[in-house]
Each structure stands twice: as structure tokens, then as C-alpha cells.
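Enquirer: First the structure, which I've put down as C-alpha cells, then a few questions once you've had a look.
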Amino acid sequence: MHALFSTCDLCDAHREALHNNELRVLPPVFRSFGKINRFRGQIATVQCRDDNALIRSTLESAGLARVLVVDGAASMKRALLGGKLAALAAQNGWAGVVINGCVRDVNEIQQVPIGLLALAAMPAPPDKQGHGMVEAVLNIQDVIVRPGEWLYADEDGVIISHEQLGLAL
């Protein structure tokens, strides 16, 4: 369990970082699908569209309490993550996954102790060709997300920071 934090309080405490773009807020378009609503961690990235082979290979590695941010180009054609990959992520120590795209197996995912945000549910399975890039700089809903930055997510939203933020409330 992560130390308690509030994205609202972090934004209030770091107003200057918000103004100079060192702290960025993702638009409120993501739905929570995982069992955990509040998560944080250093960011790893995957860029792919309708193909989840690189997501699987990334989640097979040790998560080290990181957050995987996936740019699926906001595609609504295929789900990029389902119940098995969510369970794999939790088992391997990932704190969460944020997908600019869709998930499936929602009932299964809701039982997995992981933070998981996505745009929508979609029953169609992904391709598995390995198209895409890992550790790419992403543009998620017009917000730049870089590998190694920090993500904080709770019921109020998602923020991205150049550096780890203090969590004292």
C-alpha cells in the first residue's frame, strides 16, 4: 500500500511546477478499472496501437512499483489489456497501468490489486505482432509523458511530474 497522497494537495503544493509544465495533469477522460484507485510510481512507457505484445513483454519484467503508461492512440478498435495481463502486472510488482485505449475482462480486472486506468472497455482482442516502441516519449491526450517521470493517480485525476513529489499531507 502506498503512503496516502492527494493529487489535489500535490497540485496545490506545486502550483509553480504546474505553471512551468514540470507538473502536468492528464485530462479527465480515464476510468478506473483496477481494484486500487490510488497509486503512484516512476513511469515506464509503451507506444502501440491495437497490439499488446510489447505491453505483455514489459509487464513480464519486474515492475519495481513503477507505473506503465501505454499510448494506444486512443483507439477504440481493440482492447490492449485484459484480466490475465492485469494479474501478471500485479504479480510482478507493477503499481499501476494507464492506457490511452481500451481494456477487456472488466470483471476479472476489478478483482486484481492494481491501479488500472483506461478510456473504455472493449471486448475485441488485440493483435500480437509486436508493433510499437518501448520507453518512448508519449503524447497522451495532448500531455507529454516521459519514461522516468513520476505518475500520481487517485479519484481526482492523474498528474505527471518531472521528479518524485513529497507525499506529506
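The values are calculated or read from the model by the stated rules, or taken from the named source; none is laboratory data. From a predicted model like this one, the values you see are computed outputs, not experimental measurements. Cβ coordinates were reconstructed from backbone atoms using ideal geometry, including for glycine residues, and neighbour counts include every protein chain displayed.
Enquirer: Hey, any hits in the range 135-156 for a residue that's touching an Asp or Glu at 6+ places or on another chain (Cβ under 9 Å) and over 30 Å from residue 12 (Cα atoms)?
Expert: no
Enquirer: Does any residue of the range 102-119 turn out to be free of Cβ contacts under 8 Å to residues at least 40 places away in the same chain and either closer than 28 Å to residue 163 by Cβ or in contact with a Ser or Thr (Cβ under 9 Å, 6 or more places away or on another chain) (or both)?
Expert: Yes.
Enquirer: When residue 104 is evaluated against the numbered criteria (1) among the charged types (D, E, K, R); (2) surrounded by fewer than 20 Cβ atoms within 10 Å (Cβ to Cβ); (3) in contact with a helix residue (DSSP H, G or I) (Cβ under 9 Å, 6 or more places away or on another chain), which criterion, by number, is the only one it fails?
Expert: Just one mismatch for residue 104, condition (2).
Enquirer: Taking residue 148, is it out of contact with any strand residue (DSSP E or B) (no Cβ under 7 Å at 6 or more places or on another chain), modelled with pLDDT of 95 or more and assigned to a loop (DSSP other than H, G, I, E, B)?
Expert: No.
Enquirer: Continuing with this model, one more query. Report yes if some residue within the range 74-83 is closer than 27 Å to residue 21 by Cα, loosely packed, with under 14 Cβ neighbours inside 10 Å and in contact with a strand residue (DSSP E or B) (Cβ under 6 Å, 6 or more places away or on another chain); otherwise report no.
Expert: Among the residues of the range 74-83, not one is closer than 27 Å to residue 21 by Cα, loosely packed, with under 14 Cβ neighbours inside 10 Å and in contact with a strand residue (DSSP E or B) (Cβ under 6 Å, 6 or more places away or on another chain), which makes the answer no.
Enquirer: Name the single residue that is surrounded by the most Cβ atoms within 10 Å (Cβ to Cβ) among those in the range 50-65 being within 25 Å of residue 161 (Cα to Cα) and in contact with a Leu (Cβ under 9 Å, 6 or more places away or on another chain).
Expert: Filtering first and then ranking leaves 55.
Enquirer: Looking only at the range 1-26, which residues are surrounded by fewer than 19 Cβ atoms within 10 Å (Cβ to Cβ) and in a strand (DSSP E or B)?
Expert: 24, 25
Enquirer: Which of the numbered conditions does residue 71 fail, given that it passes all the others? Conditions: (1) without any contact (Cβ under 8 Å) to a residue 12 or more places away in the chain; (2) surrounded by 19 or more Cβ atoms within 10 Å (Cβ to Cβ).
Expert: Against the list (1) without any contact (Cβ under 8 Å) to a residue 12 or more places away in the chain; (2) surrounded by 19 or more Cβ atoms within 10 Å (Cβ to Cβ), residue 71 comes up short only on (1).
Enquirer: A further question on this structure: Go through the range 34-123 and tell me which helices (runs of 4 or more DSSP H), entirely inside it, have 1 or more residues that are hydroxyl-bearing (Ser, Thr, Tyr).
Expert: The qualifying helices (runs of 4 or more DSSP H) are 53-59.
Enquirer: Looking at (1) more than 21 Å from residue 34 (Cα to Cα); (2) touching a Leu at 6+ places or on another chain (Cβ under 8 Å), which is the one condition that is false for residue 159?
Expert: Going through the list (1) more than 21 Å from residue 34 (Cα to Cα); (2) touching a Leu at 6+ places or on another chain (Cβ under 8 Å), residue 159 breaks only (1).
Enquirer: Moving to a separate point now. Can you confirm whether residue 29 is β-branched (Val, Ile, Thr), in a loop (DSSP other than H, G, I, E, B) and at pLDDT 95 or above?
Expert: Criteria met by residue 29.
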